[in-house]
Amino acid sequence: MERKVIERALKEYSCADAELFVVKLEKYPVSFEANKLKSVKSRLIKGYSLRIIKNGRIGFASSTSLAGNEDKLIDSAVKSSSFGPKADFSFWSGKRYPQPEVFFPATVSFEVEEAEQMARHIVLRLREMIPESYIDVNVTKSFVEASHFTSQSEKTYYKSLFSLSATALLVRSGELLYINEGLDGCNIPENPLSITGDIAWKEKLSAKSVESPSKKMQVIFTPKTMPYLMQGFTTGLTGRNIASKSSPLYGRKGESILDDRVSIYDDGIMPSGPASAPFDDEGVPRQRFALFSKGVLKNYYLDLASAAALNEEPTGSADRRFLMPPQAAPSNLYMEPGNCDYQEMLEGIDDGLVIDQVIGGGQSNLLNGEFSMNVELGFRVKHGKIVGRVRNTMVAGNVYELFKDNIEAIGNRCEADGSIFTPHVLFKDVSISGRE
């Protein structure tokens, strides 16, 4: 059926070229809320995303069903081409691509009853550790089937996904305290109960509440909050923003942008990486490539359109975000660790903060690397020791300034938050707004 869509677009609708991306997602989530089982359900999503080239322009249309809708889908794509962007590239028809380890039979065969049992054990363990808490747990296994069709090629990959998250909610001094941890990958984690120890440890550190001053301080961003800083880079590195010359990184390849201790990679073929795949959503092979190497800007995120606009090769970074036209986006982001132990990093702070969770993102001008965030879970550090959980605190700055001249130490171990892998990073002077 999918192949016929391509054939009909070319022959019956006189398109110069056509491409169909098909994705099927099966999700099996189990959730506990406030210590009790809330829902056990399954969900199936399937989407068809068609692009055509007609009269030198790109047309696009999408649908959640193909049977009986082939004409409507093709006709919509053809009509949209009259006001679509110019076709400065050809659809990708390569047949060779890497085979990262992203499919694990044990994950696919993981039963809903097993997920419920895992979630229940986490709830019970956390209730033992923190009796006054209310626990939310989500365990989700997923199965992805993605196919890419052109007039010259056809390819499919299968991927398993496993996601586990737990949140402890407490009421302290009239305030709500949320502590959350999670694990994500393509396979079932070896020790899913490990997140309970992390939550219990942070709960003990939160026993006392303190205020923060309004001044520049030493700040450790943990691997749970580093992704919010990384957004400043990934937004500026996106092909669309580079091609439009709106990014501050436009035309700066080969320049030293960050501290020479900073190397950041996009790794679309990382084994068991949550965002890994053999090819991207345009059929271009995924790869591992440097964004910054020892502080020097090396590459941008490029899909076919932005690569053509910049006269460069695509980086296998296209993401359709389900039924939307493709655009370049990160896959698995990895920052190389440094050589500083976390405890050593902590002991080096005379008066500062550890920031472990932020509310929302509160980002201001992401494109220029600016950020402003409310601290949801952070700790005041004095003379190398944590003295309490901070309240009423905000943090703000610019990622390019922080990562250029403001790094004091980089942790020696990477940890994951979703598909972003970073170490702890200690910055010298970060603007803090508090009420002390």
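The values are calculated or read from the model by the stated rules, or taken from the named source; none is laboratory data. Bear in mind that the values here come from a model prediction, so they are computed numbers and not experimental data. Cβ atoms come from the backbone with ideal geometry, glycine included; neighbour counts cover every protein chain shown. Quick note on the areas: whole protein, heavy atoms, side chains included, nothing else; ligands and nucleic acids left out. Shrake-Rupley method; radii C 1.70, N 1.55, O 1.52, S 1.80 Å.
Straight-line reach from LYS216: which lysines fall under 16 Å, measuring Cα to Cα and dropping same-chain residues less than 8 apart?
Reachable lysines: LYS382, LYS428.
I'd like the distance between the alpha-carbon centres of the stretch 231-258 and the stretch 1-38, rounded to an integer number of Å.
Cα centroid to Cα centroid, the span is 31 Å.
Could you state the per residue volume, in Å³, of the convex hull enclosing the Cα atoms of the stretch 58-150?
Dividing the Cα hull volume of the stretch 58-150 by its residue count gives 231 Å³.
Helix-only estimate, please: 222 nm mean residue ellipticity of the chain, summing -39500 (n - 2.57) across DSSP H runs of length 4 or more and dividing by its residues, to the nearest 500.
Rounded to the nearest 500, it is -6000 deg cm²/dmol.
With every protein chain left in place, what is the accessible area of ASP136 in Å² (1.4 Å probe, nearest 10)?
Taking all protein chains as shown, ASP136 has close to 60 Å².
How tilted is helix 112-129 with respect to the longest principal axis of the chain? Cα atoms for both, answer in degrees (0 to 90, nearest 10).
Approximately 20 degrees, to the nearest ten.
Relative contact order of the stretch 380-424: what whole-number percent is it, with Cα pairs under 8 angstrom and at least 6 residues apart?
20 percent
Using only the alpha-carbon atoms, how far is helix 194-205 inclined from the longest principal axis of the chain? Give it as 0 to 90 degrees, nearest 10.
40 degrees
Output wanted: per-residue J couplings in Hz (rounded whole) for the stretch 220-229, from phi through Karplus 6.51 cos²θ - 1.76 cosθ + 1.60, θ = phi - 60°, x for Gly and Pro.
Each residue's phi maps through the Karplus curve to give 9, 9, 7, x, 7, 10, 4, x, 5, 6 Hz.
Order the peptides 234-243, 110-119 from the highest to the lowest mean number of other Cβ atoms within 10 Å of their residues.
Values: 234-243: 22.4, 110-119: 16.3.
The packing order, highest mean first, is 234-243, 110-119.
Give me the angle, in degrees from 0 to 90, between the Cα long axis of helix 2-11 and the longest principal axis of the Cα atoms of the chain, rounded to the nearest 10.
Between helix and principal axis, roughly 50 degrees.
Ignoring ligands, DNA and RNA, please state the percent of accessible area on the stretch 263-357 from carbon and sulfur, probe 1.4 Å.
In the stretch 263-357, the share of accessible area belonging to carbon and sulfur is 47 percent.
Calculate the FRET efficiency for ASP260 and GLU128 from the Cβ-Cβ distance with a Förster distance of 56 Å, rounded to the nearest 0.05.
E between ASP260 and GLU128, to the nearest 0.05, is 0.75.
Report the per residue volume, in Å³, of the convex hull enclosing the C-alpha atoms of the stretch 237-370.
Taking the convex hull of the Cα positions in the stretch 237-370, it is 154 Å³ per residue.
Could you tell me the relative contact order of the chain? Use alpha-carbon pairs under 8 Å, at least six residues apart, and round to a whole percent.
Relative contact order, the chain: 16 percent.
Need one number: nm distance between label points at LYS298 and THR156, each 7 Å from Cα along Cα→Cβ, rounded to one decimal.
Modelled inter-label distance: 3.5 nm.
Could you name the lysines in cross-link range of LYS86, using Cα to Cα under 30 Å and dropping any fewer than eight places away on the same chain?
By straight Cα distance, LYS86 reaches LYS4, LYS11, LYS24, LYS46, LYS54, LYS72, LYS95, LYS155, LYS245, LYS253, LYS298.
Out of residues 5 or more away from VAL210 or on other chains, whose amide H comes under 5 Å of its own, with H placed 1.01 Å from N in the peptide plane?
Result for VAL210 returns ARG389, VAL390, ARG391.
Modelled label-to-label distance, ALA67 and SER147, 7 Å Cα→beta-carbon offset: nm?
Between ALA67 and SER147, the label points sit 1.4 nm apart.
I need the trypsin sites (Lys or Arg not before Pro) found in the stretch 245-278, filtered to DSSP loop residues with at most 13 other beta carbons within 10 Å of theirs.
The qualifying sites are LYS245.
Consider just the alpha-carbon atoms of the chain and return their Rg together with their Dmax, both in angstrom.
23.7, 75
Using only protein heavy atoms and a 1.4 Å probe, report how much of TRP201 is accessible, in Å² to the nearest 10.
Looks like 120 Å² after rounding.
When all protein chains stay in place, what accessible area (Å², nearest 10, 1.4 Å probe) is found for TYR300?
Rounded to the nearest 10, the figure is 10 Å².
What dipole magnitude, in Debye to the nearest 20, does the chain give about its Cα centre under +1 on Lys/Arg Cβ and -1 on Asp/Glu Cβ?
Values: 52 positive and 56 negative charges, 173 e Å.
Approximately 820 debye in magnitude.
How many angstrom separate the Cα center of the stretch 114-144 from the Cα center of the stretch 325-390?
Here the two parts' Cα centres lie 26 Å apart.
FRET efficiency for ARG252 and LEU44, Cβ-Cβ distance as r, R0 = 56 Å, nearest 0.05?
0.80
Between PHE83 and ASN35, what is the label-point separation in nm under the 7 Å Cα-to-beta-carbon projection?
Label at ASN35, label at PHE83, 5.7 nm between them.
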